[in-house]
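Participant: One structure, pasted below without further comment.
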Amino acid sequence: MLAKVLSGALIGIDAYPVEVEVDIAQGLPQFATVGLPEGAVKESKDRVKSAIKNSGYEFPTRRITINLAPADIKKDGAAFDLPMAVGLLTASGTLKPAREGRYILMGELSLDGCIKPVRGALPVAVAARSWDVAGLILPEENAREGAIVDSVPVYGVRDLGQVVDFLAGTTDLLPCKVDTLELFRQGGLCADNFAEVRGQEHVKRALEVAAAGGHNVLMVGPPGSGKTMLARRISTVLPAPSFPEALETTKIHSIIGLLPRQDALVATRPFRSPHHTISDAGLIGGGPHPRPGEVSLAHNGVLFLDELPEFKKNVLEMLRQPLEDGQVTISRAAQTLTYPASFMLVAAMNPCPCGYLGDVQHDCSCTPPMVQRYRTRISGPLLDRIDLHVEVPRVLHKDLSDPVDAEPSEAIRARVEKARQVQRERLQKYGIHANAGMQARHIRKFCSVDDEGQRLLEMVTDRLGLSARSYTRILKVARTIADLAGSETIRQPHLAEAIQYRSLDRKTP
């Protein structure tokens, strides 16, 4: 007898339907799985057999063939355990489905028949909006994640027996419901706040400018000056993510298995801080079965690289594509995958190997050649892609002992959101949401400067030997500063402030 059960699988961050076809025929007992199954899928037969027996059902001792269609795409993961088991029970006549419509089934089976959570439930739920299905049956831990989409009913199940009873019509299950407004409210409660940062007013101003325009920023300062503390609070002043942004971010966390079970949605801007020993595949993505890297996990949020010169040079150079394109393309012989990677890069470094160059309280032990070698670990093209270079000096005692709290994140965020709203109204028809995303044609249209500003730019460009990319970065940052000031035009003070944020630029030989 033949039975067909619908499931889903992933390509990149998107899902496609997989039809699990189960055929039970006369012949010697055999269990064959076809359709390009990977290791975890091939091992399903042992888990499915034990789960069926330990759930109180009879396992058919005949020739069993299971096909995962489409058969020309590799399948991996343990999510096909549940549809395989339901297909076997249906094909053997143990289960006689009584409910109308088809259901998508996903879940990993334990040997006692319990259903364990799987990766990628949310992308399947998103894709199911365009499939002709009556509902989605997921492990209980994945039900809230799948119900975020609110397009098809999502049922959370604990064990195989519960699924059989539901499909047979002997028991009813209530669809899972999620209050997305409550999730966003909880996500807006942040423990970190700029009010805790003493001093560093000019650095906080630079970070406000960076947040307002979505610009990349590099902080340079001695150890203990507060670079990491400042970086961790940038996400608290960024505008709250929209539902489509949160959904896309959650899909990436779902397929890699990093979505906490109690959270159905990543309702805050992600903040990722990988260690400097990370590999290129860990940062950008890849592997034998390509998976998203840290740049994709930071999508719509902040990627913080502390001790930037300590990262491997080849790893840093791989940041060029996502910084320019907002996505990462991973090519393999069998397939090419594209993952979103639109993030705000925040980096930190010491001014020299010992960390005390220019510090008034410590003597620097580095020679000029040592300093030069240290700074050249970051290539010029990568520096060009960082809009703001900010010097972070040591915090003075009078600032540390000041009992009055600094300006809170809420006040800074209000100004940032106001500037972002101006940018959205200006750039929305071009598909751009912040000044950092402007291309050359947008810069020519929206970043024009007067004669006085042109003379200033000409003088600075010749003196610093700025590249064309650095020149456009200055104009973008100046446009953001003007937006924060509520000015329609870019004036000389706006340009002067933007130019001071290019402190690491140097004349090329």
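Participant: Just need a number here: residues in segment 463-500 that are assigned to a loop (DSSP other than H, G, I, E, B) and out of contact with any helix residue (DSSP H, G or I) (no Cβ under 6 Å at 6 or more places or on another chain).
Facilitator: Residues in segment 463-500 being assigned to a loop (DSSP other than H, G, I, E, B) and out of contact with any helix residue (DSSP H, G or I) (no Cβ under 6 Å at 6 or more places or on another chain): 8 in total.
Participant: Within segment 200-214, which residues are of a type in the set (Asp, Glu) and at pLDDT below 95?
Facilitator: Scanning segment 200-214 gives a single hit, GLU201.
Participant: Picking from ALA267, ALA246, which residue would you name as being over 24 Å from GLU324 (Cα atoms) and touching a residue at least 60 places away in the same chain (Cβ under 8 Å)?
Facilitator: ALA267
Participant: Kindly evaluate GLY8 against the criterion of being modelled with pLDDT of 95 or more, out of contact with any strand residue (DSSP E or B) (no Cβ under 9 Å at 6 or more places or on another chain), of a type outside the set (Lys, Arg) and outside any helix (DSSP H, G or I). Quick ask: steps written out before the conclusion?
Facilitator: Numbers: modelled with pLDDT of 95 or more: yes; out of contact with any strand residue (DSSP E or B) (no Cβ under 9 Å at 6 or more places or on another chain): no; of a type outside the set (Lys, Arg): yes; outside any helix (DSSP H, G or I): yes.
Criteria not met by GLY8.
Participant: Take segment 109-131 and flag every residue that is touching a Gly at 6+ places or on another chain (Cβ under 8 Å) and charged (D, E, K, R).
Facilitator: Once the filter is applied, which keeps residues that are touching a Gly at 6+ places or on another chain (Cβ under 8 Å) and charged (D, E, K, R), segment 109-131 yields LYS116, ARG119.
Participant: What number of residues within segment 314-325 are exposed (fewer than 15 other Cβ atoms within 10 Å of the Cβ) and within 16 Å of the chain's Cα centre (by Cα)?
Facilitator: 1
Participant: So, in segment 416-462, exactly how many residues are open to solvent by less than 80 Å² (accessible area, probe 1.4 Å), touching a residue at least 24 places away in the same chain (Cβ under 8 Å) and not in a loop (DSSP other than H, G, I, E, B)?
Facilitator: Residues that pass the stated criteria total 17.
Participant: Just wondering, is there one or more residues in segment 102-110 that are closer than 27 Å to MET1 by Cβ and open to solvent by 60 Å² or more (accessible area, probe 1.4 Å)?
Facilitator: Taking every residue of segment 102-110 in turn, at least one turns out to be closer than 27 Å to MET1 by Cβ and open to solvent by 60 Å² or more (accessible area, probe 1.4 Å).
Participant: If you don't mind, another one. Mind listing just one residue for me: the one in segment 285-320 that is among the β-branched types (Val, Ile, Thr) and out of contact with any Asp or Glu (no Cβ under 8 Å at 6 or more places or on another chain) and, of those, farthest from ILE255 (Cα to Cα)? Reasoning before the result, please.
Facilitator: Of segment 285-320, the ones among the β-branched types (Val, Ile, Thr) are 295, 302, 315.
Adding the requirement that they be out of contact with any Asp or Glu (no Cβ under 8 Å at 6 or more places or on another chain) leaves 295, 302.
Values: VAL295: 15, VAL302: 20 Å.
So the residue we want is VAL302.
Participant: Looking at segment 153-170, which of its residues are open to solvent by 30 Å² or more (accessible area, probe 1.4 Å) and outside any helix (DSSP H, G or I)?
Facilitator: Those that are open to solvent by 30 Å² or more (accessible area, probe 1.4 Å) and outside any helix (DSSP H, G or I): PRO153, ARG158, ASP159, GLY169, THR170.
Results for (1) touching a residue at least 12 places away in the same chain (Cβ under 8 Å); (2) under 34 Å from the mean Cα position of the chain (by Cα); (3) open to solvent by 50 Å² or more (accessible area, probe 1.4 Å); (4) more than 14 Å from ASP112 (Cα to Cα), shown as yes or no for each residue.
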| position | (1), (2), (3), (4) |
| --- | --- |
| GLN30 | yes, no, yes, yes |
| VAL34 | yes, yes, yes, yes |
| GLU38 | yes, yes, no, yes |
| VAL41 | yes, yes, no, yes |
| SER50 | yes, no, no, no |
| ARG63 | yes, no, yes, yes |
| PRO70 | yes, yes, no, yes |
| LYS75 | yes, yes, no, yes |
| ALA79 | yes, yes, no, yes |
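Participant: Okay, moving on. Let me confirm something: among GLY56, GLY8, which residue is of a type outside the set (A, V, I, L, M), open to solvent by less than 80 Å² (accessible area, probe 1.4 Å) and closer than 30 Å to HIS299 by Cα?
Facilitator: On inspection, the qualifying residue turns out to be GLY8.
Participant: Sticking with this structure for a sec: Looking only at segment 184-221, count every residue that is assigned to a loop (DSSP other than H, G, I, E, B), open to solvent by 10 Å² or more (accessible area, probe 1.4 Å) and over 16 Å from MET344 (Cα atoms) and tell me the total.
Facilitator: Number of matching residues: 9.
Participant: Only one residue in THR336, THR268, THR329 is more than 13 Å from the chain's Cα centre (by Cα), open to solvent by 30 Å² or more (accessible area, probe 1.4 Å) and modelled with pLDDT of 90 or more, so which one is that?
Facilitator: After ruling out the rest, the residue left standing is THR329.
Participant: Still on this structure: Of all the residues that make up segment 72-87, how many are touching a helix residue (DSSP H, G or I) at 6+ places or on another chain (Cβ under 9 Å), in a loop (DSSP other than H, G, I, E, B) and either more than 21 Å from ILE255 (Cβ to Cβ) or acidic (Asp, Glu) (or both)?
Facilitator: Here the count works out to 1.
Participant: Right, another one. Among the residues of segment 351-401, which ones are of a type in the set (Lys, Arg), open to solvent by 70 Å² or more (accessible area, probe 1.4 Å) and in contact (Cβ under 8 Å) with a residue 12 or more places away in the chain?
Facilitator: Across segment 351-401, the qualifying residues are ARG375, ARG377.
Participant: A further question on this structure: Filter segment 123-144 down to the residues that are touching a residue at least 60 places away in the same chain (Cβ under 8 Å) and open to solvent by 10 Å² or more (accessible area, probe 1.4 Å), then identify the one that is nearest to the chain's Cα centre (by Cα).
Facilitator: This residue is VAL126.
Participant: Let me ask something else. Quick one: VAL404 ticks every box in (1) over 33 Å from the mean Cα position of the chain (by Cα); (2) part of a loop (DSSP other than H, G, I, E, B); (3) surrounded by 14 or more Cβ atoms within 10 Å (Cβ to Cβ) except a single one, so which number is it?
Facilitator: That leaves (3) as the condition not met.
Participant: Which condition number in (1) in contact with a Ser or Thr (Cβ under 7 Å, 6 or more places away or on another chain); (2) over 30 Å from VAL5 (Cα atoms) is the one that GLY214 fails?
Facilitator: Status for GLY214: all satisfied but (1).
Participant: Another question about this same structure. Condition first: assigned to a loop (DSSP other than H, G, I, E, B), open to solvent by 30 Å² or more (accessible area, probe 1.4 Å) and in contact with a Pro (Cβ under 7 Å, 6 or more places away or on another chain). Can you find one or more residues in segment 113-122 that meet it?
Facilitator: Yes - at least one qualifying residue is present in segment 113-122.
Residues are listed down the side, and each one gets a yes or a no for (1) over 17 Å from VAL178 (Cα atoms); (2) part of a helix (DSSP H, G or I); (3) among the hydroxyl-bearing types (Ser, Thr, Tyr):
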| position | (1), (2), (3) |
| --- | --- |
| LEU89 | yes, yes, no |
| LEU95 | yes, no, no |
| VAL133 | yes, no, no |
| VAL149 | no, no, no |
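The values are calculated or read from the model by the stated rules, or taken from the named source; none is laboratory data. Predicted, not measured: the structure shown is a model, and the values here were computed from it. In this analysis, Cβ positions are derived from the backbone assuming ideal geometry, glycine residues included, and neighbour counts consider all displayed protein chains. When the accessible area is computed, the model is the full protein with side chains, heavy atoms only, and any ligands, DNA or RNA have been set aside. Shrake-Rupley method; radii C 1.70, N 1.55, O 1.52, S 1.80 Å.
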